[in-house]
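The values are calculated or read from the model by the stated rules, or taken from the named source; none is laboratory data. Computed from a prediction, not measured in an experiment: that's the story for all the values here. Cβ atoms come from the backbone with ideal geometry, glycine included; neighbour counts cover every protein chain shown.
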Amino acid sequence: MELLKKYPKLFQWLFLLVIFFALCFAIDVPETYKFIRGQAEFIKDPNQSTYTLFGAEVRYYAFDTLWRLPPLLGWLPIWVNDSLFFLLNEWMPMEFWNEDLQEYRTRPLVLQITRNITASMTFLIELIREILLGGSKTVVAFTSWDWIDKNPWAELPGLPWTIVAAGAVILCYKLSGKGLAIFAGLVMIYISVFGQWKPSMQTLSFILVAAPLSFIFGLSLGIMAYKSKRVEKALYPLLLVMQTMPQYAVLVPAMVLFGIGDHAAVIITMVVAIPPMILLTLLGLRAVPSEVIEAGKMSGCNNWQLMTKVLIPTARRDILIGVNQVIMVCFSMAVIAAFIGAKGLGWNLLLALNQLNIGLALEAGLCISMIAILLDKMSLAWANKQEDYFGNLTFFQRYKNTLFFAGAVLIGVTFAYVGTFLFKDNFNYFSEIPHNKGLSFADFWNKGVDWIWDTFFQTLKIFNTWLITEVLQPMRALYLRMPAVATLVLVIGAGYIIGGIRSAFTVGGLALFIALSPWWDRALVTTYMATFGVIASCTIGLTVGTLCQQNKYTTKFMLAVCDIFQTFPSFVYLIPVMMLFGITDTSVLIAVIVYATIPATRYTIEGLRSVPPALHDAATMSGVTKFQRLINIEFPIAFPHMMLGVNQTIVFALFMVIIGAFIGTEDLGQYILKALSDKKGGGKGLILGICVAFIALIFDNLIRTWVEKRKKHLGID
Amino acid sequence: MTDAVIKCESVYKIFGANAKKMLQEASGNVDAKTFQENGCIVGVNNASFEVAKGEMLVVMGLSGSGKSTLLRCISRLTDATDGKIFIEGQDLLSLKNKELIELRRNKMGMVFQSFALLPHKTVLENIAFPLQIKGIKTEDSINKAMDMVKLVGLDGRENYFPRELSGGQQQRVGIARSLAVEPDIWFLDEPFSALDPLIRKEMQDEFLRLQGVLKKTIMFITHDFDEALRLADRIAIMKDGIIEQLDTPAKIVLNPATEYVKKFTEEVPREKVLKIEAVMDPVDDVKNLSDLKVSKNEIIENVAEKILTQEKSVAVIDENNKIVGTVHPSKIIHTVFGGEKK
């Protein structure tokens, strides 16, 4: 009894587990149950039951309700799909002027709106693309194809790569100094020499459209949320879901609304990039000291002046960190958006992976990674740059960067002009090095892969087989063996113990949504893969983080490594694992582990670093050994922060698992991939994405609630 | 008083959802505890006072006493829950937003505890900020700001950024900014509290020098009783939102109105605070005085030694050399060592 009073939580947990296992053993596996026909598959099979709701017929395999809940939400994807279809093709037909046909045509409103957005996006992308690469579509947009045929000079020539490279170097020099400028120069030369110029510029033009637009929308929405509690409350759940939804899943509904191609990719990129911008804007504005706002008010600022002259400049750094986030999200989306036909590096990467040409994929991936690092460092340098005073500089000092760039343009143009005489066969290497004329080590890499396969095939295969049969299969079976009711009880119980009734309702609701959707079994597989990844990542991250934290230099080194790895778009991680492990679940899991170890390591280091030095000293003066200090002082205090790392690890792992569908898994991701090629996949893709987001949010809610309580208990901020 | 620049009539500020309703029900008898039980926090409780033109009123109180809230009500950075506030006869609470902005642009200046400088602007730009907000031409505003830079003694640093200045220098910028529009009313919210003791003393001297030249109407907030005594024409001592006592420093030191005020005055070295005027007796026998004459405005400490060497009472004179009172040496001894001091 006394023990019960001393550790009430412990007994609550024990009680919960007892119930959970009792339920697991009490509810038998139905004989007809087979994973692959888990529940609702939209195929016809006489063994299926059906029901009709809201005009949608849902077919599913009926089981004991305790074993698997019937997919009562099965109508939702169909309904979402039908609604989208209705909105696009039937709702509010109106007369619109058709430029091509020169007459009024009846078109549904939403279709017209989406087509207009699409058109303007396409125009923007083409404009920037043609400035960088040359072309005539922009001119056509203002005139006509006939006009171009008659006036062949009217084509945009495209900037020679030398000018773009010089521009990047000068910008980097201005933002940060020599180091970054040299790095930028090397990256640019690499891109050019290896013949990746065209796809890189295509990707860049995509970012140059998506990032500023996301910034503007994100900033405005952030300001609105700052000014009105109501807007904030309305936005908050959306932001949460968007942050945890795999980027991959958002592609599907976008495809339905906006079709396939760069424009659709830009729009969907904005949808993904705006939420972090909103959050960081809000964070930055909130962090402006109240006295600074009062000082602004007492200086007689009206609302507009207060926002533009006081609040935004004071929150400058946070807002620019938001810009950094926007750019990075845009970049990783630019790669993933290859799935819906966005051109550029992602497209090349996808093609190479599809052909299993690891060498080519590696080159494209390297290029992507380097550009990612460059963009990240540049935008961070911008955020951290402090303003300088210009009043007392001479004309030359003030405009030297502009002057240098003007010089670079002149030289670049001259070179390009000379190049037209110098090089034969219509290739002007001073303007652009075409893809097939650049250097390529693809064959070398491919041979390397072959060599690895030849040499280590047996070892790898043994490892692979062992992992799959001894660890993964049993684990998966265990997850699938859980009756739905038992899982729900476990989740709700955990919510109740950690956060009380409120948390129980939230996580219960989220879990119930997934349970009632047609994809419970798939969700279990996703969770099992993520769980495996998270356990491995946390173990590695914790160990590596703790070891590195013992020394100042290793700490710094490790954080830098984390920074760099984090900038890579998740898709890139698939390349090396495919190289080593081929197309198996093991590959996906290893990619998951590598990717998810980043936040685990980072948060461990940060958590340990946040232990106040006074405590360190106090502990040392009490005569503890290093190990005792770690166990008794540092871990308990750093633990809440480390748990936030676990939270991030879960989100990262889920993202990677979903992307892993590309290699071939049997989870929700696979369905999302299928939905991508399904004409009626919009609703499915969206609901599947929401399911993944909800898995993440269940853990997010539990961990955050616990961390907040714990922090309060420890008296940390 | 007709020349009252700031006038408050039973001002209340109560934080909480149904503050207004609770206040109406309480009908002027606000008890902080019952309010707190109902989820309301009393910031300012029935404050009534006036500040005359050119006067410096120091509001003294510990943290949570409502002194900053009171100041924010009068500058209308927050709206008072109830009561009336007049600025030069204008009803502050009835002003529309535009009129309020006009009032702040022309009549009010405010200095903040944490300086509240704009990090992205130089010293000069910070000082010129209120002028530019007002719509004054860049050149004029920069000239004016330059004058201000000189006034607070920051010449040569006008192109520095706030991050490059020490705390004392930053507050000089804050002071210069608040004075740039030449306001009649000057609010200072614990302007020296964030500074080191030595710098604080220096800034107080500087502040007194400025006030000697500018003669603004001032509300000065502080939690430091010594600072209040040094600077104030009158002191208001606040506790839990209530003004416990509002009087001249001398009267507060000699006659603390409540036990709470007494706690502050007990430790005060009177000879350093009081002027001769505060301890002199009325003139009864002009003949029986020593030859020494002291001004009524002298601080006791400065003349104590001289007076104590006399045997007879000493004459106290005013600015026109007229005898207005007498002080017997024993009175000085009583003031310094005796009295109610424990």
Restricting to the stretch B:301-314, count the residues that are more than 32 Å from the chain's Cα centre (by Cα) and either assigned to a loop (DSSP other than H, G, I, E, B) or among the small types (Gly, Ala, Ser) (or both). 5
Answer residue from the stretch A:298-340, given it is under 30 Å from B:GLU182 (Cβ atoms) and small (Gly, Ala, Ser) and is surrounded by the fewest Cβ atoms within 10 Å (Cβ to Cβ) among those: A:GLY300
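Among the listed residues A:GLY158, A:GLY167, which satisfies the condition of being at positive phi and in contact with a Leu (Cβ under 9 Å, 6 or more places away or on another chain)?
On the way: A:GLY167 fails: at positive phi.
Testing whether each residue is at positive phi and in contact with a Leu (Cβ under 9 Å, 6 or more places away or on another chain) leaves just A:GLY158.
Can you tell me which of B:LYS251, B:LYS287 is of a type outside the set (Ser, Thr, Tyr), modelled with pLDDT under 80 and either out of contact with any Lys or Arg (no Cβ under 7 Å at 6 or more places or on another chain) or loosely packed, with under 14 Cβ neighbours inside 10 Å (or both)?
Numbers: B:LYS251 fails: modelled with pLDDT under 80.
One residue alone meets the criteria, B:LYS287.
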Please specify each residue of the stretch A:183-230 satisfying the condition of being of a type in the set (D, E, K, R) and under 24 Å from A:GLU126 (Cα atoms). A:LYS198
So if I check each of A:GLN648, A:GLN670, which one is surrounded by fewer than 24 Cβ atoms within 10 Å (Cβ to Cβ) and at pLDDT 85 or above? A:GLN648
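Of all helices (runs of 4 or more DSSP H) completely enclosed by the stretch A:513-632, which ones contain at least 1 residues that are under 26 Å from the mean Cα position of the chain (by Cα) and surrounded by fewer than 22 Cβ atoms within 10 Å (Cβ to Cβ)? Quick ask: steps written out before the conclusion?
Values: elements: A:520-549, A:552-567, A:574-581, A:585-609, A:613-621, A:626-629.
Passing ranges, in order: A:520-549, A:552-567, A:574-581, A:585-609.
Conditions tested, residue by residue: (1) free of Cβ contacts under 8 Å to residues at least 24 places away in the same chain; (2) in contact with a strand residue (DSSP E or B) (Cβ under 9 Å, 6 or more places away or on another chain).
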{"residue": "B:THR78", "(1), (2)": "no, yes"}
{"residue": "B:ILE101", "(1), (2)": "yes, no"}
{"residue": "B:VAL111", "(1), (2)": "no, yes"}
{"residue": "B:VAL123", "(1), (2)": "no, no"}
Please work out which one of (1) surrounded by fewer than 13 Cβ atoms within 10 Å (Cβ to Cβ); (2) at pLDDT below 80; (3) farther than 20 Å from A:PRO199 by Cβ is the condition A:TYR417 fails and give its number. (1)
Taking helices (runs of 4 or more DSSP H) that fall entirely within the stretch B:188-300, which contain at least 3 residues that are closer than 21 Å to B:PHE337 by Cα? B:225-231, B:249-254, B:259-266, B:270-273, B:276-279
Taking the options B:ASP79, B:ASP31, B:ASP3, B:ASP91, name whichever one is under 27 Å from B:PHE264 (Cα atoms) and of a type in the set (Asp, Glu). B:ASP31
Do the conditions hold for B:GLN171, that is, is it within 13 Å of another protein chain (Cβ to nearest Cβ) and touching a Ser or Thr at 6+ places or on another chain (Cβ under 7 Å)? no
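Quick grid of which residues meet (1) loosely packed, with under 15 Cβ neighbours inside 10 Å; (2) of a type in the set (A, V, I, L, M, F, W, C); (3) modelled with pLDDT of 85 or more; (4) not assigned by TED's automatic domain parsing to the domain that holds A:GLN202:
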site	(1), (2), (3), (4)
A:PHE423	yes, yes, no, no
A:TYR429	no, no, no, no
A:LEU439	yes, yes, no, no
A:TRP451	yes, yes, no, yes
A:PHE456	yes, yes, no, yes
A:LEU460	no, yes, no, yes
Just to be sure I understand, how many residues within the stretch A:640-669 are farther than 21 Å from A:ILE687 by Cβ, part of a helix (DSSP H, G or I) and not hydrophobic (A, V, I, L, M, F, W, C)? 6
Residues of the stretch B:315-341 being in contact (Cβ under 8 Å) with a residue 24 or more places away in the chain and part of a helix (DSSP H, G or I), which ones? B:LYS331, B:ILE332, B:ILE333, B:THR335, B:VAL336
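Residue by residue, here is whether (1) in contact with a helix residue (DSSP H, G or I) (Cβ under 9 Å, 6 or more places away or on another chain); (2) modelled with pLDDT under 90 holds:
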position: B:ALA4; (1), (2): no, yes
position: B:LYS7; (1), (2): no, no
position: B:GLY16; (1), (2): yes, yes
position: B:GLU37; (1), (2): no, yes
position: B:CYS40; (1), (2): yes, yes
position: B:PHE49; (1), (2): no, no
position: B:ALA52; (1), (2): no, no
position: B:SER65; (1), (2): no, yes
position: B:LEU70; (1), (2): no, no
So, first residue in the same structural domain as A:PHE63 (by TED's automatic domain parsing) in the stretch A:480-500, second residue assigned to a helix (DSSP H, G or I) and basic (Lys, Arg), Cβ within less than 7 Å, six or more apart or across chains; the pairs are A:ILE497/A:LYS9
Would you check which residues across the stretch A:300-329 are more than 10 Å from chain B (Cβ to nearest Cβ) and of a type outside the set (A, V, I, L, M) and list them? A:TRP304, A:THR308, A:ASP318, A:GLY322, A:ASN324, A:GLN325
In the set A:LEU66, A:LEU88, A:LEU53, A:LEU76, the lone residue that is in contact with a strand residue (DSSP E or B) (Cβ under 9 Å, 6 or more places away or on another chain) and at pLDDT below 80 is A:LEU88
What pairs come up if the first residue lies in the stretch A:275-297 and is in the same structural domain as A:THR314 (by TED's automatic domain parsing) and touching a residue at least 12 places away in the same chain (Cβ under 8 Å), the second is surrounded by fewer than 21 Cβ atoms within 10 Å (Cβ to Cβ) and among the aromatic types (Phe, Trp, Tyr), and their beta carbons are under 9 Å apart, counting only those six or more places apart or on different chains? A:MET277/A:PHE217; A:ILE278/A:PHE217
